[in-house]
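Working notes, structure below.
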Amino acid sequence: MQISIEALQPAQFDAIWQVFDTVAREKHYLASQCAPAPAQMREYLQAYIDKGQPYFVALADGQVCGWCGVQPVHGQARAHVGMLGMGLLPAMRGQGIGERLMQAALKAAQSYGFTRVELAVRADNARAIALYERQGFVREGLLRDGFCVDGVYFDMHTMALLRKPVV
């Protein structure tokens, strides 16, 4: 199987929607439990392209199997901060693809001007936490009962990666 990591392209929007929906319906990794309407998702993804924000897709034999993006958080005082989001189809996990996606997105995030990248992860997601820590993320806080699925509450860790600006 040929794996490639590429910058987001409009032709990939519908495939990303499908992957997002698959991961969301697992009810374990994302705050959303299903994808938004396709038109809303296309608008959201187009904004990444229009603003030059970091967003990469993983392709397995030319088919989208994952994504990783970093978007700004709200407020001028936090303009240096990006929020990382990512997802990978279940069959593609554990093969180093997520790590490659993150590396591409984090490199682009630094070039974009983000000197701090944040994320939140369920405390019981040991595989993801290990991935984030390998990339240099540090746990900064615990959000008790920060995630609720079907009436069951889960703690979440907030994590961040700090990098010097690119000169």
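Is the range 113-120 home to any residue that is within 26 Å of ALA60 (Cα to Cα) and touching a Phe, Trp or Tyr at 6+ places or on another chain (Cβ under 9 Å)?
yes
For (1) under 27 Å from PRO165 (Cα atoms); (2) hydroxyl-bearing (Ser, Thr, Tyr); (3) touching a Phe, Trp or Tyr at 6+ places or on another chain (Cβ under 7 Å), each residue gets a yes or a no:
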residue	(1), (2), (3)
HIS28	no, no, no
SER32	no, yes, no
GLY66	no, no, no
MET86	yes, no, yes
MET92	no, no, no
LYS107	yes, no, no
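Only residues that are closer than 17 Å to GLU140 by Cβ and among the small types (Gly, Ala, Ser): list them for the range 99-126, please.
ALA120, ALA123
Inspect the range 120-132 for any residue being aromatic (Phe, Trp, Tyr) and assigned to a loop (DSSP other than H, G, I, E, B) and give the result as yes or no.
The answer is no, given that none of the residues of the range 120-132 is aromatic (Phe, Trp, Tyr) and assigned to a loop (DSSP other than H, G, I, E, B).
Give VAL57, VAL64, VAL23 a once-over and let me know the one that is open to solvent by 10 Å² or more (accessible area, probe 1.4 Å) and either in contact (Cβ under 8 Å) with a residue 60 or more places away in the chain or not aromatic (Phe, Trp, Tyr) (or both).
VAL64
On the basis of being part of a helix (DSSP H, G or I) and over 16 Å from the mean Cα position of the chain (by Cα), does ALA47 make the cut?
It is false that ALA47 is part of a helix (DSSP H, G or I) and over 16 Å from the mean Cα position of the chain (by Cα).
Residue check, ALA160 against (1) assigned to a strand (DSSP E or B); (2) touching a Gly at 6+ places or on another chain (Cβ under 7 Å), all met but one. Which one?
All conditions pass for ALA160, except number (2).
Can you confirm whether ALA79 is open to solvent by 60 Å² or more (accessible area, probe 1.4 Å) and touching a Pro at 6+ places or on another chain (Cβ under 9 Å)?
Yes, satisfied.
I need a count of the residues in the range 144-163 that are at positive phi and either open to solvent by 70 Å² or more (accessible area, probe 1.4 Å) or in contact (Cβ under 8 Å) with a residue 12 or more places away in the chain (or both). Walk me through how you get there before you give the answer.
Residues of the range 144-163 at positive phi: 145, 150-151.
Still in the running and either open to solvent by 70 Å² or more (accessible area, probe 1.4 Å) or in contact (Cβ under 8 Å) with a residue 12 or more places away in the chain (or both): 145, 150.
Of the residues in the range 144-163, 2 are at positive phi and either open to solvent by 70 Å² or more (accessible area, probe 1.4 Å) or in contact (Cβ under 8 Å) with a residue 12 or more places away in the chain (or both).
Select, from GLN12, GLN33, GLN40, the only residue that is out of contact with any Leu (no Cβ under 9 Å at 6 or more places or on another chain) and assigned to a helix (DSSP H, G or I). First the steps, then the outcome.
Details: GLN12 fails: out of contact with any Leu (no Cβ under 9 Å at 6 or more places or on another chain); GLN33 fails: assigned to a helix (DSSP H, G or I).
Exactly one residue qualifies, and that residue is GLN40.
The values are calculated or read from the model by the stated rules, or taken from the named source; none is laboratory data. Here the structure is a predicted model, which is why all the values come from computation and not from measurement. Every residue, glycine among them, receives a Cβ derived from its backbone with ideal geometry; neighbour counts consider all protein chains shown. All accessible areas refer to the heavy atoms of the entire protein, side chains included, with ligands and DNA or RNA removed. Shrake-Rupley method; radii C 1.70, N 1.55, O 1.52, S 1.80 Å.
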